[in-house]
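Derivation of every value follows stated rules applied to the coordinates shown; laboratory data play no part. From a predicted model like this one, the values you see are computed outputs, not experimental measurements. Note that we place each Cβ from the backbone using ideal geometry, even for glycine, and neighbour counts take in every protein chain shown.
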Amino acid sequence: MRVNWRQIQAARNSYAALTAACELDGFSLRLVDLPKADVTCYSLNSINEQFYCDEIAGADCITIVGGPHATACPAEVAAYADYVIVGEGEYTLPRLLEEIEHGGPGNISGVATRDHHKPAASCVRLDAYPAFSDKQGFVEISRGCPFACGYCQTPQIFGHCMRHRSIDTIAEFSNRYEHARFVSPNAFAYGSDGIHPRWEKIEALFKRLSHQIFFGTFPSEVRPEFICKESLSLVNRYCTNTKLHFGAQSGSDAVLERLHRGHTVDDVIHAVDLCTESGITPVVDFIVGFPFESDDEQLATVNLIKQVARSGKVHVHRFIPLPGTPLAVTTARSLLPETEKVCGSLALTGRLTGSWTDPGIRFFR
Ligand code: SF4
């Protein structure tokens, strides 16, 4: 049976990870630009889904769709795809391919169709699967997040309990290449429960990596309250990156509380100051246009953006009500003229990037 993977830029790391997982069961995923026989797999997020749903509906082959959007809206996706992988794919996708190859109905755990949906019966142990095979990807070191930020799909897909890849397997994959970059919801939470940092685990990991380490920066980030003397000293001692990327999201404590962010504005200011004192450039994410954000709260965010931009860099995004999240059925509020003016002028000086007017752009990076 020939199995294809639809090339989609935003899903390239999923391709690397799932190719490696499927190879363990004898299936190789061939990259295609259009659906082809016998089976074509897709991984879609909630922004790019609109560009692929007609292609999938009209495909002249068996289609399997996974990814954040499929997990958030399985019934909607099952209306145009043959099979939907709900949740993690490493275990479920090879099982489903075996089912299809043997002519079974695909009625297995973690799969939805128009006629049935069996929730996943297990979760993936990262060490049970290679980070990637010959298609290089970033090494996913941790999955799951104990926080529940109102706009975020991560805990809905991977759960609230953090799981980690072992130091041995991270080193095995990272040391194959000159640059080691990692996927994690919060890189500084490596080895911990996601709330109480374990710096000794991170140092033990760094000691096993033999090439250039990029940690707490693209493609992962960290949380502001994890930025402290210990974490900054580890980065300065072992890592190549001179930037740390973390989320502030709002300049209003009331908004942060409604989002269940689990940190305050002071935590963000403290993190920015500590980074600057340590010679590290803070790169800070903000979201504007939360549905419940008052004018004053949005202006508080604008003021914090200006403050951060004096010593660091800022990424600003417009709020998107992603399906499957607590804020799914809300609508982004409008931007104040002051918000647009400040974002525009900081962008012109190179201190700010992002998509504060068009929320979809960041999903295509
Ligand atoms: S935004 Fe980050 S901290 Fe918040 S739930 Fe998502 S992954 Fe966790």
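With +1 on each Lys and Arg Cβ and -1 on each Asp and Glu Cβ, how big is the dipole of region 3-118 about its Cα centre, in debye rounded to the nearest 20?
On the way: 7 positive and 16 negative charges, 36 e Å.
Magnitude of the dipole: close to 180 debye.
At what distance in angstrom do the alpha carbon centres of region 129-194 and region 37-111 lie from each other?
23 Å
Once you keep just the Cα pairs under 8 angstrom separated by 6 or more residues, what percentage relative contact order results for the chain?
12 percent
Using Cα atoms only, what is the angle between the long axis of helix 199-208 and the major principal axis of the chain, expressed in degrees (0 to 90) to the nearest 10?
In the chain, helix 199-208 runs at an angle near 60 degrees to the longest axis.
I'd like to compare 28-40, 280-292, 6-18: which one has the highest average count of other Cβ atoms within 10 Å, and what's the full order after that? Provide the component values of the computation, followed by the final result.
Working: 28-40: 15.8, 280-292: 21.1, 6-18: 19.5.
The packing order, highest mean first, is 280-292, 6-18, 28-40.
Measure nothing but the geometry: give the 0 to 90° angle between the long axis through the Cα atoms of 295-311 and the longest principal axis through the Cα atoms of the chain, rounded to 10°.
Long axis of 295-311 versus the principal axis of the chain: about 80 degrees.
Taking a Cβ-Cβ separation under 4.7 Å as the criterion for a possible partner, which cysteines of the chain have none?
Cys22, Cys41, Cys53, Cys61, Cys73, Cys123, Cys145, Cys161, Cys228, Cys239, Cys275, Cys343
Given a 10 angstrom Cα cut-off, can you work out which residue in Tyr83, Tyr91, Tyr177 is the most mobile in a GNM of the chain?
Tyr177
Full-extension gain between Asp54 and Glu200, please, as 0.36 nm times their residue separation minus the C-alpha to C-alpha distance. Mind dumping the intermediate values first?
Values: separation 146, 0.36 × 146 = 52.56 nm, distance 4.96 nm.
Gain on extension, Asp54 to Glu200, equals 47.6 nm.
Is it possible to state the helix-based mean residue ellipticity at 222 nm for the chain, with each DSSP H run of 4+ residues giving -39500 (n - 2.57), the sum divided by total residues, to the nearest 500 deg cm²/dmol? What is it? Intermediate values should be presented prior to the final figure.
On the way: 13 runs with 123 residues, N = 365.
For the chain, the value works out to -9500 deg cm²/dmol.
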